1. For the stretch 116-142, name all the residues that are part of a helix (DSSP H, G or I) and either closer than 17 Å to GLY227 by Cβ or open to solvent by 10 Å² or more (accessible area, probe 1.4 Å) (or both).
2. Can you give me the number of residues within the stretch 334-360 that are open to solvent by 30 Å² or more (accessible area, probe 1.4 Å) and touching a helix residue (DSSP H, G or I) at 6+ places or on another chain (Cβ under 9 Å)?
3. Which of (1) in the same structural domain as ARG255 (by the TED database); (2) modelled with pLDDT of 95 or more does LEU366 not meet, given it meets every other one?
4. Picking from TYR182, TYR208, which residue would you name as being assigned by the TED database to the domain that holds ARG275, of a type in the set (Ser, Thr, Tyr) and open to solvent by 20 Å² or more (accessible area, probe 1.4 Å)?
5. Select from the stretch 237-256 the residues that are more than 19 Å from GLN409 (Cβ to Cβ), touching a residue at least 40 places away in the same chain (Cβ under 8 Å) and out of contact with any Phe, Trp or Tyr (no Cβ under 6 Å at 6 or more places or on another chain) and write down the one among them that is surrounded by the fewest Cβ atoms within 10 Å (Cβ to Cβ).
6. Answer with yes or no whether GLN61 is open to solvent by less than 70 Å² (accessible area, probe 1.4 Å) and at pLDDT below 90.
7. Against the condition under 30 Å from GLY260 (Cβ atoms) and not basic (Lys, Arg), how does GLU200 come out, does it pass?
Amino acid sequence: MAHHDSNRQGTTKPETSNSDSRKADNNELDNDDRQPSRTDLVHRLSVALDDELANNLGHDQDQQARRVVERRKTFSVHHLKELFENEFGARLVDYGQTTASIVRKLDPTELFDDPDIDLVIIATSNDLHYSLSKEALEKRKHVVIEKPMTIRSSEALELIELAKKQNRILCPYQNRRYDSGYRTIKEIINRKLLGDEIHECVIHFDRYRPELNDSNAWRERSEPGAGAFYDLGSHLIDQTLSLFGHPQTITADIRIQRSGAHVDDYFDVRLDYGRLRVTLKRSMLIREMGPRYVLHGLKGSFIKYGEDVQASVLQTGTMPPTVDEKLTENSWGKEPIEDYGFLHTETNDGIIIKEKFETLTGNYGLFYEQLYAAIVHGKELEIRPEDGYNVIRIIELGLQSSQEKRTLQCNQLL
């Protein structure tokens, strides 16, 4: 494993997320080679979700049910009520204080009509996000939508208005706000460890995969909402907007680099904030990885290599901790010391600091904690539906900027 310093050559780890495990890429669970089911809808009121179980519903159901029972020891289910059913009938799994079941139905309308279901999570291909979310909201269900929220900003606006009318929660699943690296740079910015202003931020999400996915991988087919910018660009844009707010202008270079590819697999997007400039980059042809995050401020710099560690933990079957579980030194989402980023800065009294900066713990489970609190107790969600709209609007502007080869004003943001 590489060391974090100013001369470091880093490596990345596979990463994942709860909902993103339905959309996997290479070793990362964001980009799966399989074609996602168009009715892969799961409803949950829980602080932790066995997403791998939901992802593998097509496998032996008895074996999956046994795995759920075994996982009682690795995560707490507070208010989980999932439907577990296929064309052969339903099986219920008793967790003791609650009953869990998972639904697999071929007709989403049947799912949305179920009065026992409060929350629907849309984890289909991007082109179905709008229509299925609209139908679920019309049936007065709370809705979580896998990123990107929709493929057109006009569709996102319509869903926002419908959710308000129905008095239901609508939330894009931007789980990368709970990455350890993102949480760390947010902490550095908030504490002004690099000075009062950040003047440059660079975020990479690179891979080395020169070969194309299987021909059935919808992300690499020429259809609406496909391509790297819609896919992982959504994460990087959301992180940027959450950290710095609305940019003034956008200049984008979005292209196809790999032979035989049908949709974009590379982007270099520059967001101008005045004195601050943010660069977002993605390539599938980076064999030797550079930094994941780079921050430069008036007083110092922070450089962070490597990926969030939650993927490897998720793949073992361990679930994120709940609010009732105490974090330990070796707990979920905590990086080893050798993976900490490098901080080079100056204090207010002139002391130069050059040291590793402890990476904050990542926890995708926080999303579900907040979702439960919002639905049951009416608390505010950190991720707003307007955030999902803004991501799509920036994507639209980026695609236009790249096509027209010019800088555009970032207008019509909420």
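1. Selection gives ASN126, ASP127, LEU128, HIS129, TYR130, SER131, LEU132, LYS134, GLU135, GLU138.
2. Summing the residues that are open to solvent by 30 Å² or more (accessible area, probe 1.4 Å) and touching a helix residue (DSSP H, G or I) at 6+ places or on another chain (Cβ under 9 Å) in the stretch 334-360 gives 4.
3. Unmet condition: (2).
4. TYR208
5. The extreme case among them is SER242.
6. Against the criterion (open to solvent by less than 70 Å² (accessible area, probe 1.4 Å) and at pLDDT below 90), GLN61 qualifies.
7. no
Listed here are the residues, each with its yes/no results for (1) out of contact with any helix residue (DSSP H, G or I) (no Cβ under 9 Å at 6 or more places or on another chain); (2) of a type in the set (Lys, Arg).
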residue: ARG176; (1), (2): no, yes
residue: LYS186; (1), (2): no, yes
residue: GLY195; (1), (2): yes, no
residue: HIS199; (1), (2): yes, no
residue: ASN213; (1), (2): no, no
residue: PRO224; (1), (2): no, no
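The values are calculated or read from the model by the stated rules, or taken from the named source; none is laboratory data. Predicted model, so just to flag it, every value in this text is computed and none were measured. In this analysis, Cβ positions are derived from the backbone assuming ideal geometry, glycine residues included, and neighbour counts consider all displayed protein chains. Quick note on the areas: whole protein, heavy atoms, side chains included, nothing else; ligands and nucleic acids left out. Shrake-Rupley method; radii C 1.70, N 1.55, O 1.52, S 1.80 Å.
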